[in-house]
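Visitor: To start, I am sharing the structure in question, which I have written as structure tokens.
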Amino acid sequence: MYNEKVMDHFMHPRNVGEIDNPDGVGQVGNPVCGDIMKIFLRIQDGRIEDIKFKTFGCGAAIATSSMVTELVKGKTLDEAMQISNKAVAEALDGLPAPKMHCSNLAADALHAAIEDYKKKQQTSK
């Protein structure tokens, strides 16, 4: 059901964990499947210096979380906001149709973490 790249990110996920005192945090969930993703960001000079995730969910949820962290590390916030569910799925060489919602969660968690960072920046001014 899953291709080799998805299995690699599931079996050997990149950037798992939390960041102490993160600059931004995004959490999303899917009540239908029960997946929950939380992404932590460290921002330096407008770029994602570090990114970590914690995911409770299926293999596809873990793989998409891992892939999204790889896609955006070192990117500007604007570049990271352009990451879509389609981009995440394509970077994994595709996902089975019933698991495409996992790529939505990964992109949504990333965008929520960036929005959290921006909100914190506005309130600190």
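Visitor: Has segment 39-51 got at least one residue that is among the polar types (S, T, N, Q) and free of Cβ contacts under 8 Å to residues at least 40 places away in the same chain?
Guide: yes
Visitor: While we're on this one: For segment 101-125, which residues satisfy the criterion of being under 21 Å from HIS9 (Cβ atoms), among the hydrophobic types (A, V, I, L, M, F, W, C) and touching a Gly at 6+ places or on another chain (Cβ under 9 Å)?
Guide: Scanning segment 101-125 gives CYS102, LEU105, ALA109, LEU110, ALA112, ALA113.
Visitor: Return the residues of segment 34-52 that are in contact with a Leu (Cβ under 9 Å, 6 or more places away or on another chain) and either buried (at least 18 other Cβ atoms within 10 Å of the Cβ) or part of a loop (DSSP other than H, G, I, E, B) (or both); say none if nothing qualifies.
Guide: Answer for segment 34-52, where residues must be in contact with a Leu (Cβ under 9 Å, 6 or more places away or on another chain) and either buried (at least 18 other Cβ atoms within 10 Å of the Cβ) or part of a loop (DSSP other than H, G, I, E, B) (or both): ASP35, MET37, ILE39, LEU41, ILE43, GLY46, ILE48, ILE51, LYS52.
Visitor: What single numbered condition from (1) farther than 16 Å from HIS111 by Cβ; (2) of a type in the set (D, E, K, R); (3) exposed (fewer than 14 other Cβ atoms within 10 Å of the Cβ) fails to hold for ASP78?
Guide: It is condition (1) that ASP78 fails.
Visitor: Same structure, new question: Check MET1 against each of (1) loosely packed, with under 15 Cβ neighbours inside 10 Å; (2) assigned to a helix (DSSP H, G or I); (3) in contact (Cβ under 8 Å) with a residue 24 or more places away in the chain and name the one condition it does not meet.
Guide: Condition not satisfied by MET1: (2).
Residues are listed down the side, and each one gets a yes or a no for (1) touching a His at 6+ places or on another chain (Cβ under 9 Å); (2) under 27 Å from GLU4 (Cα atoms); (3) modelled with pLDDT under 90; (4) of a type in the set (A, V, I, L, M):
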| residue | (1), (2), (3), (4) |
| --- | --- |
| PRO31 | no, no, yes, no |
| PHE40 | no, yes, no, no |
| ILE43 | no, no, no, yes |
| VAL68 | no, yes, no, yes |
| LYS73 | no, yes, no, no |
| SER84 | no, yes, no, no |
| LYS118 | no, no, no, no |
| GLN122 | no, no, yes, no |
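Visitor: Given the conditions (1) closer than 18 Å to LYS38 by Cα; (2) touching a residue at least 60 places away in the same chain (Cβ under 8 Å); (3) over 16 Å from the mean Cα position of the chain (by Cα), which single one is not true for PRO96?
Guide: Evaluating PRO96 over (1) closer than 18 Å to LYS38 by Cα; (2) touching a residue at least 60 places away in the same chain (Cβ under 8 Å); (3) over 16 Å from the mean Cα position of the chain (by Cα) leaves (1) as the failure.
Visitor: Return the pairs, sorted by first residue and then second, in which the second residue is exposed (fewer than 14 other Cβ atoms within 10 Å of the Cβ) and at pLDDT 95 or above, the first residue lies in segment 69-86 and is assigned to a loop (DSSP other than H, G, I, E, B), the beta carbons are less than 7 Å apart, and the residues are 6+ apart or on different chains.
Guide: Nothing qualifies.
Visitor: Can you tell me which residue is farthest from the chain's Cα centre (by Cα) among those in segment 15-33 that are assigned to a loop (DSSP other than H, G, I, E, B) and of a type in the set (A, V, I, L, M)?
Guide: VAL32
The values are calculated or read from the model by the stated rules, or taken from the named source; none is laboratory data. None of the values given here were measured: they were computed from a predicted structure. Positions of Cβ are backbone-derived with ideal geometry, glycine not excepted, and every protein chain shown enters the neighbour counts.
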